[in-house]
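For reference, the structure discussed in these notes is given below.
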Amino acid sequence: MNIKFNMKKHNLLYLLLIPAFIMIITLYSCSKLEDNLVNSPKAGIHPDGWTNPVNANFHGKYFFSNKWDFKMCTQCHGADYNGGNTGKSCNDPSCHGSSTPEDCKLCHGDRSTTIFPPLALNGSSSVTYIGVGSHNTHLNKDSSIRFSARLRCVSCHKSISGFFDPNHIGSNPDNIAEVVFDSLAITTTNGITPNPVWNRTNPQSCAVTYCHGNFKNGNYRLNPTTMTNPVWTDPNSVYCGTCHGNPSTGNPLPGGTHVQGFTIYNCYFCHGSVINNAGNIINKSKHINGAVNMNQ
Ligand code: HEC
Ligand code: HEC
Ligand code: HEC
Ligand code: HEC
Ligand code: HEC
C-alpha cells in the first residue's frame, strides 16, 4: 500500500515536471531566435533601423556586408518583389522611387538620375576614394566634361545586360568593380593598338589607353616614363598638355606638320572643327574620338 502510494506520488511529480521542462526549452529557443533576429532578417521581422538609410542596421548596408544576396529576400518578399505574403512590397514607390530594388541608381549613383558613383557602394562621395574617383569627370552631362564627349561604361567595364548578368556582381562579390578597358580606350589609330590593364596601385595604367596618350605622337608613345600620369582619384591631374603636346604649356608638339612656334591660338588653322582661335575646344565630340579631326 505504502509503496503503491509512493509510486503515485512520483508519477505526479513527473507529470508536473514535464510541462515545466517543455516550457524552459521553449523559452530558451525563443530567446535564441530573438538573438538571431537582431543580426539577420531570416525570421521575417527585421531589426530596428532596417528602413532608415542613416542607421547602421539599414538594409542597404546589410547587403554591402552580405554579398548582395537578393535571393534571400525574395524567399519571403516574392520573386517579383511585390511582397509575397509579407504584405511589404519592395516595389513600393515611396521606398525605391518608381522602380524595383534592381534599379541601377540605388546602389551606385546619386539615387535619382545617375547610375555611376558617386555615391560609391559604401556611400562615399569623395573623389579621393577609389570607388568614386573620376566617374563624374568621364560620365556626367557633356557640359561638365572638360575634354571629350561623355564616355560609356564599356570603355572601362565589361558590358552588363542587367542586374543578374554574371559580369555584374557575380557569385562572390568583393565590392571592388572589375575594370576592363574596351571600346574607345583601346581604339587603333595609325597602326597603334593600346593594350591597357587596370592596376589599382599604379596610376600609369590609364596612360596606356588611347584616350590618355597612347596614339601617334601622344605623350605615352613619346615618353612613357616622364609623362604626367593621369591619377584616377585626382581629376586635376589631367589638363591640356598631359596627353599630347600643347604649346601654351611649354610642351610643344613634335615636328612634322606641327612646327615649333605654333601656339594654342594656331591649332584652329587646321583643326577648326575641334578648336577655335581662342584655344578653346568647341566640339568635344570631335576630340578624343578615335580620329584626328581637321577643319570639317
Ligand atoms: C523570412 C521572411 C523574410 C525574409 C527572408 C525577408 N523579409 Fe523583409 N519582411 C518580412 C515581413 C513578414 C515583413 C513585414 C513585417 C515587418 O515589417 O517586419 C517584412 C518587412 C520588410 C521591410 C519593411 C519594413 C518596414 O518597417 O516597413 C523591408 C524594407 C524588408 N522587409 C526588407 C527585406 C530585405 C532587404 C530582405 C533581404 C535581406 C528581407 N526583407 C528578407 C519577411 C521577410
Ligand atoms: C574611365 C573609366 C571608367 C568609366 C567610363 C566607368 N568606370 Fe566605373 N570604375 C572605374 C574605376 C577605375 C573604378 C575603381 C575600380 C577599383 O576600385 O579598383 C570603377 C568602379 C566602379 C564601381 C564600384 C564603386 C565602388 O564603390 O567601389 C561601380 C559600381 C562602377 N564603377 C560603375 C560604373 C558605371 C555604371 C559606369 C557607366 C555609367 C562606369 N562605372 C563607368 C572606371 C570607370
Ligand atoms: C543591389 C545593388 C546594385 C544594383 C541595384 C546594381 N548594382 Fe551594379 N554593382 C553592384 C556591386 C556590389 C558592384 C561591384 C561588384 C563586385 O563586387 O565585383 C557593382 C558593379 C557595377 C559595375 C562595375 C563593373 C562590375 O561589374 O564590377 C557596373 C558597370 C554596374 N554595376 C552596373 C549596374 C547596372 C547597369 C545596374 C542596373 C541594371 C546595376 N549595376 C545595379 C551593386 C548593384
Ligand atoms: C598646319 C596644320 C596644322 C596645325 C596648325 C595643327 N595641326 Fe595638329 N595635325 C595636323 C595634321 C595634318 C595631323 C595629322 C598628322 C598625322 O596623322 O601625321 C595632326 C594631328 C594632330 C594630333 C594627333 C597626333 C598626331 O601627331 O597625329 C594632335 C594631338 C594635334 N594635331 C594637335 C594639334 C595642336 C594642339 C595644335 C595647335 C598647337 C595643332 N595640332 C596644330 C595639322 C595641323
Ligand atoms: C585626356 C587626354 C587629352 C587631353 C587632356 C587633351 N587632349 Fe587633345 N587629343 C587627345 C587625343 C586622344 C587626340 C586624338 C589623337 C588621335 O586620334 O590620333 C587629341 C587631339 C587633339 C587635337 C587634334 C584635333 C582632334 O582630332 O581633336 C587638338 C587640336 C587637340 N587635341 C587640342 C587639345 C587642347 C587644346 C587641349 C587642352 C584644352 C587638349 N587637346 C587636351 C587627348 C587629349
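The values are calculated or read from the model by the stated rules, or taken from the named source; none is laboratory data. These numbers come from a predicted model, not from an experiment. Cβ coordinates were reconstructed from backbone atoms using ideal geometry, including for glycine residues, and neighbour counts include every protein chain displayed.
Evaluated against (1) within 20 Å of residue 293 (Cβ to Cβ); (2) within 10 Å of ligand 3 (Cβ to nearest atom); (3) of a type outside the set (Val, Ile, Thr), residue 161 falls short on exactly one condition, (1). Scanning the stretch 247-272 for residues that are at pLDDT 85 or above, surrounded by 14 or more Cβ atoms within 10 Å (Cβ to Cβ) and not aromatic (Phe, Trp, Tyr) yields 258, 264, 266, 267, 270, 271, 272.
Taking the criterion of being surrounded by 13 or more Cβ atoms within 10 Å (Cβ to Cβ) and assigned to a loop (DSSP other than H, G, I, E, B), the residues of the stretch 127-145 that qualify are 127, 129, 130, 131, 132, 133, 134, 140, 145. Please verify whether the stretch 267-284 includes one or more residues that are within 31 Å of the chain's Cα centre (by Cα), within 21 Å of residue 221 (Cβ to Cβ) and within 16 Å of ligand 2 (Cβ to nearest atom). No; the residues of the stretch 267-284 include none that is within 31 Å of the chain's Cα centre (by Cα), within 21 Å of residue 221 (Cβ to Cβ) and within 16 Å of ligand 2 (Cβ to nearest atom). One residue is enough: does the stretch 256-268 have a residue meeting the conditions in contact (Cβ under 8 Å) with a residue 60 or more places away in the chain and in contact with a strand residue (DSSP E or B) (Cβ under 6 Å, 6 or more places away or on another chain)? The answer is no; no qualifying residue exists. For the stretch 238-245, the condition holds for at least one residue, the condition being that it is closer than 30 Å to residue 117 by Cβ, without any contact (Cβ under 8 Å) to a residue 24 or more places away in the chain and not acidic (Asp, Glu).
Applying the criterion of being in contact with a Cys (Cβ under 8 Å, 6 or more places away or on another chain) and within 13 Å of ligand 2 (Cβ to nearest atom) to the residues of the stretch 199-223, the residue that is nearest to residue 157 (Cα to Cα) is 211.
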